[in-house]
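What follows is one structure encoded as C-alpha cells, with my remarks underneath.
The values are calculated or read from the model by the stated rules, or taken from the named source; none is laboratory data. These figures come from a predicted structure and were not determined experimentally. Positions of Cβ are generated from backbone atoms using ideal geometry, with glycine treated the same way; all protein chains shown enter the neighbour counts.
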Amino acid sequence: MTSAPVQPVAARRSGPLNGRLRVPGDKSISHRALIFGALAAGGTRIGGLLEGEDVLNTGKAMRALGAQVERVGAGEWRVQGVGVSGFARPAEALDFGNSGTGCRLVMGAVAGCPITATFDGDASLRKRPMRRVLDPLQRMGARVAAGGEGGRLPITLSGATDAVPITYQTPVPSAQVKSAVLLAGLGAPGATTVIEREATRDHTERLLRHFGADIQTEPDGEHGRRITLVGQPELVPAPVVVPADPSSAAFPLVAALINPGSELVLDGVMTNPLRTGLFTTLREMGATIELLSVRDDGEEVADLRIRASPLRGVDVPATRAPAMIDEYPILAVAAAFAEGTTRMRGLKELRVKESDRLAATAEMLRVNGVIVGIDGDDLIVEGRGRVQGGGLVATHMDHRIAMSALVMGLASGKPVAVDDAGFIATSFPGFVELMRSLGGDLS
C-alpha cells in the first residue's frame, strides 16, 4: 500500500455562514446497504450512497467476495447479491483502508460462510482492536488462521463450515460488535441473540428486517436491548435510500452555531433517536436547531434549520455516548465557544477509534488555547465564549479530528491548521469545498 501525499489545510475566521445543502449519505447505512445487498439473492438498488473512501472499500470487498457491485449514477448503485453464505473466497486480501466499520462488519459476514479471507487496512486501522469482534465470531465456529499481535490486522479469518448460533452480551456498547454477530448469525441455524446493556445504533436490525429477515428487538434492562435473529433466511432484494449522515451534518451545524449571523438549512438528515445525542446536547447548551418536514423514509428524516446561538456549558451523561459516539470532537469545539464548563462523561470508547480520539480531541483544543482536561474517561472543557486559535493540530489520520479543528478555525481569533486533511475523504468527500461555498475561509 502506498501513502497518499500529505494535505495540510488551514481555516481562518469567517463571516456568517449561510446556505442550504445536503451533506453526504450516512456512512453506517451505506456500509450495511452494500453488505446486505451482496447477501441478498438478486439485485438491490441503493440511492444516496456515501461515495467516500471507507464505503467504496466495502464495495470493493463485496465485489471480491463474489457480488456484482456497480455505480449507475451519482450516489446510485446496483448490487447483484449471492445469497446468505454465498460468498466466494477472495483472490487477494480485503483492504479496508481506514474503515473499522467496514472491516468489522465484513468479518461477521465472512465468519458465517465456509471460506477464508484476509483482512487488512492502512496504518491507522492496523492499530485498532479487532479482538472484541473475533471473540464472539470464534464462539460461532470461525477460526483465526493468522493475525497480528493482540488481534490486530492483517488477519486471516476462516469462516465456519457449520456456524453455531449463540447468545452474546456485548462487553461494551458497540453497534459494530452487535452487527458482526448478527451477520455471522445469518449463516447459523436457529436463533442468534445479542444482548446490549446500552442500546446502540440499530441500522443493522432495520436493514435485516427490510431485506426480509426474521428479527425481533425487545427492551432489556433500563437502557438495553435484546435482539434475536432467526438464521439461514433467504434475504430478498430491497431498494435502499440512504439519508444524509447526522455525523457529517454535525460539522456545518456547529460551524453555523459558533459564527455570529449564520443560518443554514441541512436537507434530509437522519434523525434516528439512537443517532441524535449531539442535537439533544446542543439544544441543552442553547442552540437553535429546528426540525422541518419530518418524515419516515425507512429511517426518521428531517430538514434542519440552524441559527447562530450563544452556548453555555453543560454536563453530558455517559448514557448518551452511544447516540453520539462519533460527535464528541465537534461537541468539544462547541463547548470551547460556550460560556462555562462542559463535562462529557464516559468516553472510554473514544480511545479505540481512528486515533485515541479522547487524547487527540484534548490536544486539538489545548494547542489552540482552550483549557481542557481528562479525568478518567471524562473530557472537561472550560468554555470562554471564544477560542484563541493559532495552533497546528495533529490529526493522527483521523477524519473527525481534522474536520473539527477546521470548524474551530472558522470562528477562532487566529487561524487553525491541520497537518493532513486527506483523511476527510474517508467520510465526507468535498468537505473543504462545501464549507467554502457557505462562506468559510479554508485553504
Strands (runs of 3 or more DSSP E) completely within the range 108-216 that count 1 or more residues being closer than 30 Å to residue 395 by Cα
116-120, 143-148, 152-158
For residue 70, state whether it is over 19 Å from residue 204 (Cβ atoms), under 18 Å from the mean Cα position of the chain (by Cα), of a type outside the set (Gly, Ala, Ser) and not in a helix (DSSP H, G or I).
no
Of all residues in the range 147-162 being among the small types (Gly, Ala, Ser) and touching a Leu at 6+ places or on another chain (Cβ under 9 Å), the one that is surrounded by the fewest Cβ atoms within 10 Å (Cβ to Cβ):
151
Could you look through the range 1-58, keep only residues that are under 21 Å from the mean Cα position of the chain (by Cα) and of a type in the set (Val, Ile, Thr), and pick out the one that is farthest from residue 85 (Cα to Cα)?
23
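Confirm whether residue 319 is in a helix (DSSP H, G or I), among the hydroxyl-bearing types (Ser, Thr, Tyr), in contact with a Gly (Cβ under 9 Å, 6 or more places away or on another chain) and touching a residue at least 12 places away in the same chain (Cβ under 8 Å). Please lay out each step first, then the result.
Values: in a helix (DSSP H, G or I): yes; among the hydroxyl-bearing types (Ser, Thr, Tyr): yes; in contact with a Gly (Cβ under 9 Å, 6 or more places away or on another chain): yes; touching a residue at least 12 places away in the same chain (Cβ under 8 Å): yes.
When the stated conditions are applied, residue 319 passes them.
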Might you let me know whether the range 121-137 holds any residue that is farther than 26 Å from residue 356 by Cα and modelled with pLDDT of 95 or more?
no
Residues being of a type outside the set (Asp, Glu) and not in a helix (DSSP H, G or I) - total across the range 322-346:
10
The condition from (1) in contact with a Ser or Thr (Cβ under 8 Å, 6 or more places away or on another chain); (2) crowded, with 21+ Cβ neighbours inside 10 Å that residue 349 misses is numbered (2)
Could you list all residues from the range 360-408 that are β-branched (Val, Ile, Thr) and either in a loop (DSSP other than H, G, I, E, B) or at pLDDT below 95 (or both)?
367, 370, 387, 395
Exactly one of 286, 221, 268, 190 is more than 26 Å from residue 171 (Cα to Cα), surrounded by fewer than 20 Cβ atoms within 10 Å (Cβ to Cβ) and either touching a residue at least 60 places away in the same chain (Cβ under 8 Å) or out of contact with any Cys (no Cβ under 6 Å at 6 or more places or on another chain) (or both), and that one is 286
Would you mind stating whether residue 262 is surrounded by fewer than 19 Cβ atoms within 10 Å (Cβ to Cβ) and more than 22 Å from the chain's Cα centre (by Cα)?
no
